[in-house]
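Worksheet: one structure, shown below.
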Amino acid sequence: MRIILYMGKGGVGKTTVSAATAVRSAALGKRTLVVSTDLAHSLADCLQKNLASEPQEISTNLWAQEVNALDEMRRGWGKIQESMTKTLRKQGIDAAAADELALIPGMDEIVSLINIYRNARDGDFDTVIIDAAPTGETVRLLSMPDTFQWYAQRLMKMQSGPLNLARPLIKAFFPATEILDAVNALSERVKTLREVLSDPEVSSYRPVVNPERMVIKEALRAETYLALFNYPIDGVICNRVIPAADYQDAFMQDMYRTQEKQRQRIHQTFAPLPIWEAPYRSREILGIDQLNGLANTIFGEQDPTQIFYRGAIQEIVRSGDSYILRLPLPHVEMNKVLMSKKGDEMVIEIGNFKRDITLPAMLASQEATVAKFVNGSLEIHFNASAEADKSA
Ligand SMILES: Nc1ncnc2c1ncn2[C@@H]1O[C@H](COP(=O)(O)OP(=O)(O)O)[C@@H](O)[C@H]1O
Ligand SMILES: [Mg+2]
């Protein structure tokens, strides 16, 4: 199975490019599902078909779906949440507050991601295209598996750990073992999901941009977060490119020149990723025929579901007696990176997002001494002992 997720600022053309990719994939004979996760759905308008929250077959080999994360959660997690709310209310917590407390943050996103994956697997799809929400929301969605695992692990530890002190508190909040069982089961599924989403043989992430300064800025931020979470990017789509022509009109001339500068910047900044361009059309691109035409313009004869680029992910290199963990994080604003280490757990924070890395055994026992940026990568140096470091 291939999962391809298009992301970017609102209005850049994510839905259009997702639909075009899906139409082409289906035409190549692959069972294809295109899923919109943006609450402001426009996939149905783009395809000119009625869609529902379950996959609908809209033409040969092509299924489409508009998911609603909140509905998904109520269906998948609703019962557990209900019993959590009830328990909390028995403790004398008022109804509204109990409702709030029972909502594990990001649960709607987790459940919706798991359901997309389950639908894809059960429906035996070759290609799954995700037409994602604007960048911020999508980064949040993609960071949820890590956040959830962080939460679940702490919950488990508190429940089973030797800290008897915490037990009455835990008992008050989570007396039902069914809740812990549910969190445990969900945690297993989230683990699988996380592996699938960061497996470069399965999943590819593609920023969609326009030749505009603000749009590029947002895509660069997206690239950093994707790298932080180890989600593989295999290309960039540059949409709405004003075609080169001898424009007589001053306004068009100026617009073309301004775009041209930004277009070149895109090629420089995102290299060595492949960059596809789609021209600015005078009209909206609607319906399967027009989308097929757009796919031709963008990808030519190529299969858009192939893996176009295999980039570096985190690596560990040896340097003398110590090791270096190298994490490619392009375009990061350095002053916003925080890290902490406890045993085999390393937490790296950039802005509002946290990545929880489980360190391999050889690094777990060592001390993280220095972190610095070298050529777009965060390098964390490890040392066998702090004493050795001092005497050196
Ligand atoms: N290359 C293009 N030329 C002309 N119109 C386009 C192009 N790409 C997208 N559009 C139109 O722009 C609008 C926004 O595109 P859409 O794909 O919905 O963006 P997003 O999903 O990123 O918000 C739609 O009306 C779409 O038909
Ligand atoms: Mg859209």
*Which FRET efficiency value, to the nearest 0.05, do you get for LEU28 and LYS157 by plugging their Cβ-Cβ distance into 1/(1 + (r/R0)^6) with R0 = 51 Å?*
0.60
*Cα-Cα over 23 Å, subset of LYS14/LYS354; LYS14/LYS49; LYS217/LYS261; LYS14/LYS217; LYS30/LYS217*: LYS14/LYS354; LYS30/LYS217
*How large is ³J(HN,Hα) for each residue in region 278-290, as worked out from phi by the Karplus curve 6.51 cos²θ - 1.76 cosθ + 1.60 (θ = phi - 60°), to whole Hz, x for Gly and Pro?*
10, x, 6, 9, 6, 10, 4, 9, 10, x, 4, 5, 5
*Might you tell me the accessible area per residue for region 211-301, computed with a 1.4 Å probe and given in Å²?*
54 Å²
*Report the full-extension gain for the segment TYR309 to GLU345: residue separation times 0.36 nm, less the Cα-Cα distance, to one decimal in nm.*
10.0 nm
*Sequence-distant residues sharing a close amide H with ARG240 (under 5 Å, placed H)*: ALA278, TYR280
*Hey, if we sort MET252, MET362 by accessible area with the 1.4 Å probe, largest down, what's the order?*
MET362, MET252
*For region 209-276 and region 8-26, what is the separation of their C-alpha centers, rounded to whole Å?*
16 Å
*Quick one: if the Förster radius is 25 Å, what FRET efficiency do LYS86 and ARG189 give, using the C-beta to C-beta distance and rounding to 0.05?*
0.55
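The values are calculated or read from the model by the stated rules, or taken from the named source; none is laboratory data. Worth saying up front: this structure is predicted, and the values here are computed from it rather than measured. Because the Cβ atoms are built from the backbone with ideal geometry, glycine has one as well, and the counts that use them run over all protein chains shown. Calculation scope for accessible area: heavy atoms of the full protein, side chains included, ligands and nucleic acids excluded. Shrake-Rupley method; radii C 1.70, N 1.55, O 1.52, S 1.80 Å.
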